[in-house]
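A quick write-up on the structure given underneath.
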Amino acid sequence: MPKSDAVLRIAIPSPLYSSFDYLPPAGVSPNTLQPGMRLRLPFGRSQTVGILLETSFTPQIERGKLKPALELLDNEALLPAELMALLRWVSDYYHHPIGETFSTALPSALRQGEAALAKHRSLWRITNAGQEADTEALARRAKRQVDLLLRLRASHNGLTAEHLTELPRNWVDAMAALVKKGWAELEQIPALEYGNEQPEQGPELNAEQKQAVERIQQGLGMFSPFLLDGVTGSGKTEIYLRSIATTLDAGQQALVLVPEITLTPQLVERFKRRFNVPMAVLHSGLNDRERLNAWLLARSGDAKIIIGTRSAVFTPMLKPGMIIIDEEHDASFKQQSGLRYSARDLAIVRASKLDIPVILGSATPSLESLLNVEQGRYQHLSLPQRAGSAKPPRIDLMDVRHQQMEDQLSQPLQQLMQRHLDNGNQVLLFLNRRGFSPTLICHECGWVAHCRRCDTHMTLHLKKRHLRCHHCSSQRPVVQQCPDCGSPDLRPLGSGTERIETALSQHFPGVGLSRIDRDSTRNKGSLESILADINSGASRILIGTQMLAKGHHFPNVTLVGILDGDQGLFGVDFRAGERMAQLIIQVAGRAGRADKPGHVVIQTHHPDNPMLQLLCQQGYHAYAKAAQSERQLTALPPYSHMALLRAEASHSLPPENFLEQASQLAQQLGTNGVELYGPMPAVMEKRAGKYRYQLLLQAQTRAELHRLLGPWTSQLNKLPEARKVRWSLDVDPVDLI
């Protein structure tokens, strides 16, 4: 069949579970088209950007109805074949529209049709003539040129504009004069993060670390999944660095995934101290142009190390050699809207398709990963001791029943804090609840400040004098009197980090204090500034949420106080206990990370709780083993597999009806091996003005579950109530709320 009859099969971002056929753009030969290229297309009454999946000669509709694409946007395929294959797998596994799946993998700028051109920056190097130039003669008439020439001579890798920010702006003219004389030369280099010209040497490894590095090196060049299971402070990052060094020596790239944006800057700085190579950084704190640039330079191979959060798992690499998932247990790796993928799971699948090793690191591995170790799917690398001379902290439960509490600070805890401060140390307090108070209540009639769009209370933020919903982000000013009875006696009920900060400033006057939560670190550079105060010793008491719980190294913190150890004991979700245990151990790991011994105190009203006792006395792995036994007895993940169909609308009846129809459809298709639970309201039924219902599907095997999900999801849009709701399917949900 002649190429002129070719039809382009294209993935277009839409909620439809199909690709779309188009004719090639006018003047473009089908011979030049490759899967992974972008095209601008007419779609309905507007235009969109799609990705070419394949060229076919059998259209899905009548050839006469096909429209030609408007424009070819790329000269070569943007997505490599391995990433195209991965995205097809993602669409199939998560039962998500293929167009939206492919769109998720692209930076926003590429989705909008911008040119795929990476930004470069200027680098000046000294020439041989510049090395021999007479600076004394030049100093009398061109001091700026002499200054630049001396700087260039001292530099091993040259100078960029970032190296010269402290100079007056006329340095540009002086540098141009040096180039004109042939004493300096200009080169355009990728706009990336660069490491030190003289990288630091790593510390001496202990026996367990050496064994871990050796086993990882034995797995290079093949698919080898490793669970790096090391206590906090055991040197997991050093294992990453050594493994990446071997990968770089082989001329390959390394992808490092971290769960939260707050962990990215400090990890980048540590990598820059150890590697003199270009690095790409990808996270939500970057603008569209910065994300596009990092993505393109990783694709071209210019970036040797790629460090990013969840979506960086889709970054193309020219020579992939290794993938690392730090804090693999963290729920932040699961996308909670749109394409609900798990970056951790996709990293493992991608490593398998690329035939490269993947390292999952954690001090508190997920039960899923521990089961994979038991079943022989992962190699287990254990680091049971802290690196260097640091010892694990002592963990004690503090019974606060019958204790006088002031803003969640018991008297024994305050006395303990004072002793550690008197010894010149730092204290960290953890409360996973931001704001001043989670509830504002009228003392006269009991009125409570509810969110008008959600089934929840509004949180009082006292410094900004407003009430804010932490679920839908709506806010309103603090009322001066009760709307129901008119009483001015409105009282904050409960404590958040802002209230604890206020109380600490009164109990410990004159002591430097830092609060780390989403509110205090909202502005660009604020987190770095706070961390600088902590590391310099200007701040001696630290209060924060889970942003403080992992990844930070505070060598002078000797006391960690967990203010509400009961917060996760009675959660609705079956994973609440596991997350509580992980969070406690991660927070506890901030204590005693250097030569000074650490002490962890957990305030609790339930000191006899058997799981809490087990965690504190025998550690996380004893807790995890008990939790695994419970899950196995109750046939819950990881011993079964789930999918959650969610639906929402402005009224409660449509989502309930839609899910009832979906349940009936599943019964018609055959639910062999699959149990259906619901429809039922979500735990928070109303959120952001929408009423939410859900239908849970559970099976003992993944194959049984997906055997139903395939034909089922393709027909859900045809149900009578489908147009009245917004629905989504979450395969392997990490929460049922």
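Numbers at a glance
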{"item": "Complete set of residues in segment 202-241 that are in contact with a strand residue (DSSP E or B) (Cβ under 7 Å, 6 or more places away or on another chain), under 24 Å from MET279 (Cβ atoms) and of a type in the set (A, V, I, L, M, F, W, C)", "result": "ALA212, ILE216, PHE226, LEU228, ILE239"}
{"item": "Selection count where residues are in contact with a strand residue (DSSP E or B) (Cβ under 9 Å, 6 or more places away or on another chain) and surrounded by fewer than 18 Cβ atoms within 10 Å (Cβ to Cβ), scope segment 520-536", "result": "1"}
{"item": "Answer from ARG631, ARG692 - the residue that is of a type in the set (Lys, Arg) and assigned to a helix (DSSP H, G or I)", "result": "ARG631"}
{"item": "Within segment 497-512, considering residues that are closer than 26 Å to THR439 by Cβ and without any contact (Cβ under 8 Å) to a residue 24 or more places away in the chain, the one surrounded by the most Cβ atoms within 10 Å (Cβ to Cβ)", "result": "SER505"}
{"item": "Residue among ARG377, ARG386, ARG394 that is of a type in the set (Lys, Arg) and more than 26 Å from the chain's Cα centre (by Cα)", "result": "ARG394"}
{"item": "Considering residues of segment 10-33 that are within 16 Å of ARG88 (Cβ to Cβ) and of a type outside the set (A, V, I, L, M) only, the residue surrounded by the fewest Cβ atoms within 10 Å (Cβ to Cβ)", "result": "SER18"}
{"item": "Selection count, segment 474-487, where residues are in a strand (DSSP E or B) and surrounded by 14 or more Cβ atoms within 10 Å (Cβ to Cβ)", "result": "1"}
{"item": "Enumerated helices (runs of 4 or more DSSP H) restricted to segment 81-173, each holding at least 2 residues that are closer than 30 Å to GLY338 by Cα, among the small types (Gly, Ala, Ser) and in contact with a strand residue (DSSP E or B) (Cβ under 8 Å, 6 or more places away or on another chain)", "result": "98-104"}
{"item": "Qualifying positions in segment 634-679 - closer than 14 Å to LEU716 by Cβ and charged (D, E, K, R)", "result": "ARG646, GLU660"}
{"item": "Filter pass, LEU669 being at pLDDT 95 or above and not assigned by TED's automatic domain parsing to the domain that holds LEU413", "result": "no"}
{"item": "Test result for LEU421, touching a residue at least 40 places away in the same chain (Cβ under 8 Å), in a strand (DSSP E or B) and not hydroxyl-bearing (Ser, Thr, Tyr)", "result": "no"}
{"item": "Helices (runs of 4 or more DSSP H) enclosed by segment 488-603 - at least 2 residues per element that are within 20 Å of the chain's Cα centre (by Cα) and not hydroxyl-bearing (Ser, Thr, Tyr)", "result": "526-536, 576-588"}
{"item": "Hey, THR58 polar (S, T, N, Q) and either surrounded by 22 or more Cβ atoms within 10 Å (Cβ to Cβ) or part of a loop (DSSP other than H, G, I, E, B) (or both) or not", "result": "yes"}
{"item": "Close pairs (6 angstrom Cβ cut-off, 6 or more residues apart or separate chains): touching a residue at least 24 places away in the same chain (Cβ under 8 Å) and closer than 14 Å to ARG344 by Cβ in segment 306-317, among the aromatic types (Phe, Trp, Tyr) and surrounded by 24 or more Cβ atoms within 10 Å (Cβ to Cβ) anywhere", "result": "ARG310/PHE333"}
{"item": "Identity of the residue in segment 431-473, free of Cβ contacts under 8 Å to residues at least 24 places away in the same chain and within 26 Å of the chain's Cα centre (by Cα), that ends up surrounded by the most Cβ atoms within 10 Å (Cβ to Cβ)", "result": "CYS469"}
{"item": "Filtered residue count, segment 702-736, keeping only those that are surrounded by 15 or more Cβ atoms within 10 Å (Cβ to Cβ), in contact with a Gly (Cβ under 9 Å, 6 or more places away or on another chain) and among the aliphatic types (A, V, I, L, M)", "result": "2"}
{"item": "Odd one out for GLU721 among (1) within 31 Å of the chain's Cα centre (by Cα); (2) of a type in the set (D, E, K, R); (3) under 19 Å from GLN664 (Cα atoms)", "result": "(1)"}
{"item": "Hits in segment 679-711 - residues which are closer than 17 Å to HIS96 by Cβ and touching a residue at least 60 places away in the same chain (Cβ under 8 Å)", "result": "ARG702, LEU705, HIS706, LEU709, GLY710"}
{"item": "Every pair of residues 6+ apart whose Cβ atoms lie under 7 Å, when the first sits in segment 530-547 and is farther than 22 Å from ILE585 by Cα while the second is aliphatic (A, V, I, L, M)", "result": "ILE530/ILE516; SER539/LEU513"}
{"item": "Hits in segment 556-572 - residues which are modelled with pLDDT under 85 and either under 16 Å from THR232 (Cβ atoms) or among the acidic types (Asp, Glu) (or both)", "result": "ASP566"}
{"item": "Leading residue by the ranking (surrounded by the most Cβ atoms within 10 Å (Cβ to Cβ)) among those in segment 183-229 that are in a loop (DSSP other than H, G, I, E, B) and among the hydrophobic types (A, V, I, L, M, F, W, C)", "result": "LEU192"}
{"item": "Filtered residue count, segment 14-66, keeping only those that are charged (D, E, K, R) and modelled with pLDDT under 90", "result": "4"}
{"item": "Neighbours by Cβ (under 6 Å, 6+ apart or cross-chain): first from segment 513-524, more than 19 Å from GLY551 (Cβ to Cβ); second in a loop (DSSP other than H, G, I, E, B) and at pLDDT below 90", "result": "ASP519/ARG434"}
{"item": "Given (1) surrounded by fewer than 22 Cβ atoms within 10 Å (Cβ to Cβ); (2) in a loop (DSSP other than H, G, I, E, B); (3) assigned by TED's automatic domain parsing to the domain that holds VAL560, number of the condition GLN613 does not satisfy", "result": "(2)"}
{"item": "LYS210 over 22 Å from the mean Cα position of the chain (by Cα) and closer than 27 Å to PRO555 by Cα", "result": "yes"}
{"item": "Members of segment 253-300 that are closer than 19 Å to ILE359 by Cβ and aromatic (Phe, Trp, Tyr)", "result": "PHE271, PHE275"}
{"item": "Residue under evaluation PRO265, criteria (1) within 19 Å of the chain's Cα centre (by Cα); (2) surrounded by 24 or more Cβ atoms within 10 Å (Cβ to Cβ), criterion not met", "result": "(2)"}
{"item": "Top-ranked residue in segment 338-362 [being under 14 Å from the mean Cα position of the chain (by Cα) and assigned to a loop (DSSP other than H, G, I, E, B); ranked as surrounded by the fewest Cβ atoms within 10 Å (Cβ to Cβ)]", "result": "ARG340"}
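Residue by residue, here is whether (1) charged (D, E, K, R); (2) in contact with a Cys (Cβ under 7 Å, 6 or more places away or on another chain); (3) modelled with pLDDT of 90 or more; (4) not assigned by TED's automatic domain parsing to the domain that holds ALA280 holds:
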position	(1), (2), (3), (4)
ALA81	no, no, yes, yes
SER91	no, no, yes, yes
GLY99	no, no, yes, yes
ALA133	no, no, no, yes
ARG141	yes, no, no, yes
LEU152	no, no, no, yes
GLU162	yes, no, no, yes
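The values are calculated or read from the model by the stated rules, or taken from the named source; none is laboratory data. Values in this document were obtained by computation on a predicted structure and should not be read as measured data. As a convention, Cβ positions derive from the backbone with ideal geometry for all residues, glycine included, and neighbour counts pool all protein chains shown.
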